[in-house]
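First comes the structure, then the notes that go with it.
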Amino acid sequence: MTRHIFPALPAALAIAALLVATPISAARSEPDAATRTRLTHLLVQDCGSCHGLTLQGGLGKPLLPENVSDRSAEVLAEIILDGIPGTPMPPWKGLITPAEALFIAETLKKGLPQ
């Protein structure tokens, strides 16, 4: 007879995997004003360091609305979270939440606030 020391471990791992793999579309929630300000600053300063401070391109591709119009906000959020392997685009997962990545993606689709 095989005795399992941690019989609930497989179930716990499965639940943890589901929690980590939350779909981007489930992350929709409007951030508060302070979070919007922080994320917009991050977009201009951190993303802008590669994509240009006006997001017109640099080391990274331009991120103006017309340049990202062919991708959904959900796809852009996944790129933000996971990065692009083999390129300078780093993953932001662990630094921002899926909801924050979705807010940034939606901001890119609309354009930076003036």
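What follows is calculated from the coordinates using simple rules that are stated; it is not laboratory data. It should be emphasised that the depicted structure is a prediction, and the values quoted were computed from it without experimental measurement. Neighbour counts are summed over all protein chains in view; Cβ atoms, including those assigned to glycine, are modelled from backbone coordinates with ideal geometry.
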Residue order, fewest to most beta carbons within 10 Å, for HIS51, HIS41
HIS41, HIS51
Length released on extending from GLU106 to LYS61, taking residue separation times 0.36 nm less the Cα-Cα span
14.5 nm
log10 I(q)/I(0), Debye, Cα-only the range 31-110, no solvent, q = 0.17 Å⁻¹?
-0.60
Quick one: length gained pulling GLN114 to VAL44 fully straight, 0.36 nm per residue minus the C-alpha distance?
24.0 nm
